[in-house]
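*Asks:* Here it is: the structure, laid out below.
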């Protein structure tokens with residue numbers, strides 16, 4: 001009886017080891033998806049097409065035009081803010097600074113913050129904001145451009161709420177989501193930018209995503 | 001006998017506990033109330049440790065500044081700051097601070113007592129009477 005118990009224990013220990021080895025973390029693919037039926041080599045196969053972030057055209061804090069081309073081969077985190085925001089933006093960008101400081105010297109990573117108040121947040125205003133926030137270089141872009149296009153991108157593509165509402169403090173409704181996007185422009189995670197713990201998770205997930213992409217390239 | 005000793009000790013503890021002066025109790029009431037208010041009204045911008053945010057939002061850790069401007073602080077909390085450049089810890093900050101026009105003087109006093117005695121500051125109690133007098137002089 002005792003021998004049997006010992007054997008069972010050993011078996012359990014082994015299976016635990018195996019489980020740990022196989023459990024390599026991967027991030028889910030989020031957003032809308034659709035099944036597409038296509039014919040490959042005469043056979044009908046069903047493939048899943050994931051939602052991707054489409055091309056856009058905005059201007060960063062240096063006055064440079066930025067499109068998806070400038071983000072080619074990059075993992076990035078996107079958020080929506082405005083420089084005069086009295087509510088959640090300061091805490092979001094206090095937390096985003098942690099992400100920036102962790103990855104600012106990594107070549108394939110970027111942060112893009114879209115202003116939802118482009119009328120006030122001109123390139124000059126954004127540059128000043130960047131300087132005061134203490135960010136430089138090209139790893140964190142503050143993007144400014146057509147208001148409708150910014151709102152569309154937020155609502156239809158990143159699937160976060162952004163709208164103007166003069167009844168709320170500051171005049172705009174927006175959520176504090178940080179959206180993680182992979183090199184194929186697919187959404188891989190949402191993190192509450194006002195929550196320190198979730199932002200710590202974001203930093204960990206960026207490391208996981210970078211490892212994932214690098215192994216895919218290696219294959 | 002044993003019971004008597006225990007009883008005596010209990011009475012002694014009660015006496016010592018109630019020895020906390022009224023002033024001390026008042027301070028604690030202000031401080032804890034102010035802590036709650038700070039979390040809901042100030043922390044987003046000024047941070048959990050009063051550290052501010054880079055060059056955008058000033059920290060609340062400049063004890064010399066707070067002491068020097070003690071009688072202005074109530075005005076800052078209640079009416080906000082507009083188009084004034086504030087120099088804290090040798091760094092100039094511009095931009096606006098939102099007003100809290102609906103905040104009663106007692107709450108202003110509580111939040112100031114909290115800030116004035118946190119993050120390395122030691123200003124002591126900032127009573128509501130002082131706040132009322134300061135608010136009357138706001139520009």
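*Asks:* Summing -39500 (n - 2.57) over the DSSP H runs of n ≥ 4 in the protein assembly as shown and dividing by its residue number, what mean residue ellipticity at 222 nm do you reach, to the nearest 500 deg cm²/dmol?
*Replies:* Numbers: 12 runs with 151 residues, N = 358.
Computed ellipticity for the protein assembly as shown at 222 nm equals -13500 deg cm²/dmol.
*Asks:* So for the protein assembly as shown: antiparallel DSSP bridges make up what percent, rounded to the nearest 5?
*Replies:* Here the share of antiparallel DSSP bridges comes out near 70 percent.
*Asks:* Still on this model: Calculate how steeply helix B:22-41 sits against the longest principal axis of the alpha-carbon atoms of chain B, using the helix alpha-carbon long axis, and give the answer as 0 to 90 degrees to the nearest 10.
*Replies:* 40
*Asks:* Pick from B:47, B:80, B:95 the residue whose mean-square fluctuation is largest in a GNM of chain B, springs joining Cα atoms under 10 Å.
*Replies:* B:95
*Asks:* Whole Å is fine, so just give me how far the alpha carbon centre of the stretch A:96-132 lies from that of the stretch B:33-52.
*Replies:* So the separation of the two Cα centres works out to 24 Å.
*Asks:* What spacing in nm lies between the two simple spin-label points modelled at residue A:197 and residue A:102, each 7 Å away from Cα in the Cβ direction?
*Replies:* Between residue A:197 and residue A:102, the label points sit 1.6 nm apart.
*Asks:* Follow-up question, since we're still on this one. Given the options B:106, B:57, B:85, state which has the largest fluctuation in a GNM of chain B using a 10 Å cut-off (strictly under) for Cα springs.
*Replies:* In this elastic network of chain B, the residue with the biggest mean-square fluctuation among B:106, B:57, B:85 is B:85.
*Asks:* Among A:177-190, B:33-46, how do they line up from the highest to the lowest mean number of other beta-carbon atoms within 10 Å?
*Replies:* Descending mean neighbour count gives A:177-190, B:33-46.
*Asks:* On a full-extension model of 0.36 nm per residue, what is the gain between residue A:152 and residue A:119, subtracting their alpha-carbon distance, rounded to one decimal in nm? Walk me through the intermediate numbers first.
*Replies:* Numbers: separation 33, 0.36 × 33 = 11.88 nm, distance 1.66 nm.
Going from the current span to full extension adds 10.2 nm.
*Asks:* In addition: Calculated FRET efficiency, residue B:86 and residue B:26, Cβ-Cβ r, R0 30 Å, to nearest 0.05?
*Replies:* 0.50
*Asks:* With just the Cα atoms defining each centre, how far is the stretch A:51-94 from the stretch B:64-130? Give it in Å.
*Replies:* That distance is 34 Å.
*Asks:* Rounded if a/c is under 1.5, else prolate if a/b beats b/c, else oblate: with a ≥ b ≥ c from the C-alpha gyration tensor eigenvalues square-rooted, which is the protein assembly as shown?
*Replies:* Here the protein assembly as shown falls in the oblate category.
*Asks:* How shielded is B:39-50 by partner chains, expressed as the average number of their Cβ atoms within 10 Å of its Cβ atoms?
*Replies:* 2
*Asks:* Then there's this: Counting DSSP beta bridges with both partners in the stretch A:63-212, what percentage is antiparallel, nearest 5? Walk me through the intermediate numbers first.
*Replies:* Details: 11 of 22 bridges.
Rounded to the nearest five, the antiparallel share is 50 percent.
*Asks:* For helix B:2-18, what angle does its Cα long axis make with the longest principal axis of chain B, in degrees from 0 to 90 and rounded to 10?
*Replies:* 20
*Asks:* Now a separate question. Given the options B:108, B:88, B:77, state which has the largest fluctuation in a GNM of chain B using a 10 Å cut-off (strictly under) for Cα springs.
*Replies:* Taking springs between Cα atoms under 10 Å, the residue moving most is B:88.
Where a number appears in this text, it was derived from the coordinates with a stated rule and is not lab data. The structure displayed is predicted, hence computed values, not measured ones. As a convention, Cβ positions derive from the backbone with ideal geometry for all residues, glycine included, and neighbour counts pool all protein chains shown.
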